[in-house]
Amino acid sequence: MKKISELLETAAALTCPVVRGIDDARLDVPTPCAEYDVRALLNHLFLVVTNFRALAAREEADFSTTPDVVTGDWRGRFEKETASLVAAWDAPGAEDGVTGGMNLPARTVGLMVLGDLVVHGWDLARATGRSFGAGPALVEVLEPGLAGMAPQARSMNVFGEPFPLPAGAPAFDRVLALTGRDPGWSPAGA
């Protein structure tokens, strides 16, 4: 079983170039997350990365407000924050026991942030016209992990209803559909 830190490092290698490539002129375009434009989704992803880094270190996390951090060198800060996330989950004991106020197994919490990093990386790529594909190592962990979390995530309005897919759909499409996303989504007019 791969460590969460190894999986996060793989996910960061996919998501950081997408974030780095976002032009400021694209910050107000819609994303597959209907409630977020690119700027709002970036702010949400920063919040997730920093709070789940804190959870890995058994520190307090605060999801109550989402500050606008898409200012200055936000692209460089995202890469640094994501590297800190990976390092926190690589620390001895990070995957042991329960973590934070969530009172969930640490590995489950790690899978939650992995899902966010991959799925929101895809969201940002789609919204800004970039390609994004999660390889088999990520998909084989995310598909059962997100499927297990899906009922509670839907009850909390974190996931939408599963998007219907044809039989034999690609594995990453199934991961996206679990969260309520249409794997064929594209911005209006694209």
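The values are calculated or read from the model by the stated rules, or taken from the named source; none is laboratory data. Small disclaimer: the values here were computed from a predicted structure and weren't measured. When we count neighbours, we look across all protein chains shown, and the Cβ atoms used for this are built from the backbone with ideal geometry, even at glycine. Each accessible area value is taken on the protein alone, full model and side chains, heavy atoms only, with ligands, DNA and RNA left out. Shrake-Rupley method; radii C 1.70, N 1.55, O 1.52, S 1.80 Å.
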Give, as ranges by residue number, the residues of region 125-150 whose backbone N falls under 17 Å from the point 7 Å along Cα→Cβ of E161.
-> 150
For region 45-133, what is the largest minus smallest coordinate of the Cα atoms on each principal axis, given in angstrom and ordered from greatest to least?
-> 40, 28, 22
For region 1-123, size of Cβ-based charge dipole, Lys and Arg +1, Asp and Glu -1, in debye | 280 debye
Other-chain or far-sequence residues with amide H under 5 Å of T99's (modelled H) = L104, A106
Expressed per residue, the solvent accessible area of the chain in Å² (1.4 Å probe) is about 48 Å²
For region 31-85, alpha-carbon Rg over 2.2 N^0.38 Å = 1.14
With charges set only on the Cβ (+1 for Lys and Arg, -1 for Asp and Glu), what does the dipole of region 42-97 come to about its Cα centre, in debye to the nearest 20?
-> 160 debye
Hey, how many Å between the Cα centroid of region 122-189 and the Cα centroid of region 34-63?
-> 19 Å
What does the helix-only formula give at 222 nm for the chain: each DSSP H stretch with n ≥ 4 adding -39500 (n - 2.57), the total divided by the residues, and the result rounded to the nearest 500 deg cm²/dmol?
-> -18000 deg cm²/dmol
Phi angles of region 31-47, converted by Karplus (6.51 cos²θ - 1.76 cosθ + 1.60, θ = phi - 60°) into ³J(HN,Hα) in whole Hz with x for Gly and Pro, give 10, x, 7, 3, 7, 10, 8, 4, 4, 5, 5, 4, 4, 5, 5, 4, 4
Going out from 0 in 5 Å bins, what whole percent of all Cα-Cα distances in the chain drops into each bin?
-> 1, 8, 17, 21, 22, 18, 9, 3, 1, 0
Per residue of region 127-143, in order, report the coupling 6.51 cos²θ - 1.76 cosθ + 1.60 (Karplus, θ = phi - 60°) as ³J(HN,Hα) in whole Hz, putting x for Gly and Pro.
-> 5, 10, x, 10, 8, 7, x, 8, x, x, 4, 6, 5, 5, 8, 5, 4
For region 144-159, just list the computed ³J(HN,Hα) in residue order, Karplus coefficients 6.51, -1.76 and 1.60, θ = phi - 60°, integers in Hz, with x standing in for Gly and Pro.
-> x, x, 6, 4, x, 7, 4, x, 5, 4, 5, 5, 9, 6, 8, 10
Under-5 Å amide H pairs with D37, H placed in peptide plane, nonlocal only = none
